[in-house]
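Each remark here refers to the structure printed beneath this line.
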Amino acid sequence: MYCEAMTRNALRLLRPALLAAALASTGSAVAQKAPAVSVAASDKPADVAWSTMPIDELRQRAQANEVPAMEEFGRRLIAGTGVPRDRKIGVAWVQRAADAGSPTAAFNVGVMYDRGFVLERDAEKAVEWYRKAVDGGVAPAKHNLALMLREGRGAPQDGPKAVELLREAAHQGMTASMYALGDMYERGGAVLKDPAAALAWFAIANECELQASHGSETPLAKAAQQRGAALERVITGADRERADTIGESEYKQIVAALQPKPAPSHAPPPPARAAPQAGTAAGSAWPNATVEQVKLVQQALIDLQRLHGKADGIAGPATRLAIREFEKSAGLRSTGEPSRAVYLALVKARGQPDAIKPPDPPPPPTSADIAKLMEAKPASIDDTPWPAKAPDQIRAIQQLLIDLKLLNGEPTGTVGPATRRAILAYQKNAGLKQTGEPSQALFESLKAARAKPGG
């Protein structure tokens, strides 16, 4: 329920006429689907009507070094709004606002250098100005800087830092950053390949983008859904469970970061709810319409103070997270689905009479369920867990390669030519598919090899 609001707030952009739509270069999928943001929201105080201020007053205040006035005056000159268009002078005013400390203006200057708008294209200067905007907390700047660090454009390639910036931007509501994370983890290269993390981020991007577009399928949402579906067809059962865990954890952090803080209230507690009468939702048949079913579940979660906002009938990430947390607390199987069984449990927890026929008991375990239990492996001698962060994952694999005398030096946390050669050598000797890529499967195989006598 929060992705709509959080995306709208994070991407409250100035007029697109400022710059042409900026797409990340290199021709990758993220370049086609996850555009670099062209302009950021203004830092101008909301209590001043800057966009409707008479041009003479605006010019006077800009010349008096009022930073918001500089930004707005520059915008009008670039767009030709109420004044003759003069992009060079307009850009000069935006630069002046950036020099005066405006994070948004710093971001817009970065975009101008990045895309060669009026200013001569200069990747290093773009990185410099993006960093200043990042220091001011501008989410689109984190996204654009991450794309440059991913490719090593304007600065040395730094995959782990790119992931860090994209996660920060994603937690501020940037759905393009969520998609970019899925792309990076699926393709590898700058970071360790991780299909489970890729699937989790594609799912998050799809749901949040649908929330932001009020359920309408955008190109980004469609791309995230398609790539997630393709991963689901090839991913293993263990990785699917890990994808669920990663997705739930990231949802929780996104919601915690962007959930509006309720204002303190000194009003007396509301009166207890009366028992539902015949014909109300709890006393009548479970609605046929999915939207109405979701609304019932959301309202019950809101009543139990497990969800904030309004019941909108859309089962977004915040709703699914709240359902999962309730299911865990109630001892139910974690599904995240707004089902009748969940609603009945919520009604019971809320203290209302249960007037709906209880759901049928769960079916007996299938052969697939039994096989899954049989496949569970006992803990090995080396129970070192797979690290959570990409640099630590790479270091763990490098240390194992060093222990097996396949790699010299110290673990660095980055995948270079020496590391790839060592991985290829091990995969060849072990009869594994030769990819040269670090992965969790390789990590487990290396641990097993090290545990063997003489390993």
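Scan segment 82-92 and give yes if some residue there is in contact with a strand residue (DSSP E or B) (Cβ under 9 Å, 6 or more places away or on another chain) and either part of a loop (DSSP other than H, G, I, E, B) or among the aliphatic types (A, V, I, L, M) (or both), otherwise no. No, because not a single residue in segment 82-92 is in contact with a strand residue (DSSP E or B) (Cβ under 9 Å, 6 or more places away or on another chain) and either part of a loop (DSSP other than H, G, I, E, B) or among the aliphatic types (A, V, I, L, M) (or both).
Kindly indicate which of G101, G110, G116, G82 is over 30 Å from A224 (Cβ atoms) and modelled with pLDDT of 90 or more. Within the list G101, G110, G116, G82, the selection yields G101. Filtered by the rule that a residue be hydrophobic (A, V, I, L, M, F, W, C) and more than 25 Å from I397 (Cβ to Cβ), segment 178-214 gives M178, A203, I204, A205, C208, L210, A212. The set of residues in segment 302-326 that are part of a helix (DSSP H, G or I) and within 22 Å of N206 (Cβ to Cβ) comprises P317, A318, T319, R320, L321, A322, I323, R324, E325.
Residues in segment 384-434 that are touching a Gly at 6+ places or on another chain (Cβ under 7 Å), within 21 Å of G152 (Cβ to Cβ) and assigned to a loop (DSSP other than H, G, I, E, B): 0 in all. Out of all the residues in segment 103-121, is one or more of a type in the set (S, T, Y), crowded, with 17+ Cβ neighbours inside 10 Å, part of a helix (DSSP H, G or I) and touching a residue at least 24 places away in the same chain (Cβ under 8 Å)? Within segment 103-121, one or more residues are of a type in the set (S, T, Y), crowded, with 17+ Cβ neighbours inside 10 Å, part of a helix (DSSP H, G or I) and touching a residue at least 24 places away in the same chain (Cβ under 8 Å).
Looking at segment 209-255, which of the residues that are assigned to a loop (DSSP other than H, G, I, E, B) and of a type in the set (S, T, N, Q) is surrounded by the fewest Cβ atoms within 10 Å (Cβ to Cβ)? The extreme case among them is S216.
Candidates are the residues of segment 157-208 that are of a type in the set (K, R) and part of a helix (DSSP H, G or I); the one that is surrounded by the fewest Cβ atoms within 10 Å (Cβ to Cβ) is R187. Scan segment 66-73 and give yes if some residue there is assigned by TED's automatic domain parsing to the domain that holds A169, buried (at least 19 other Cβ atoms within 10 Å of the Cβ) and assigned to a helix (DSSP H, G or I), otherwise no. Among the residues of segment 66-73, not one is assigned by TED's automatic domain parsing to the domain that holds A169, buried (at least 19 other Cβ atoms within 10 Å of the Cβ) and assigned to a helix (DSSP H, G or I), which makes the answer no.
Checking L373, L442 one by one, the residue that is part of a helix (DSSP H, G or I), at pLDDT 90 or above and closer than 26 Å to S249 by Cβ is L442 and no other. The requirement of being at pLDDT 85 or above, outside any helix (DSSP H, G or I) and at negative phi is fulfilled nowhere in segment 256-279; no residue meets it.
When G331 is tested against the conditions (1) closer than 17 Å to N288 by Cα; (2) of a type in the set (G, A, S); (3) modelled with pLDDT of 80 or more, the lone failure is (1).
The values are calculated or read from the model by the stated rules, or taken from the named source; none is laboratory data. Note that this is a predicted model, so its numbers are computed, not measured. Here the Cβ is made from the backbone with ideal geometry for all residues, glycine too, and neighbour counts use every protein chain on show.
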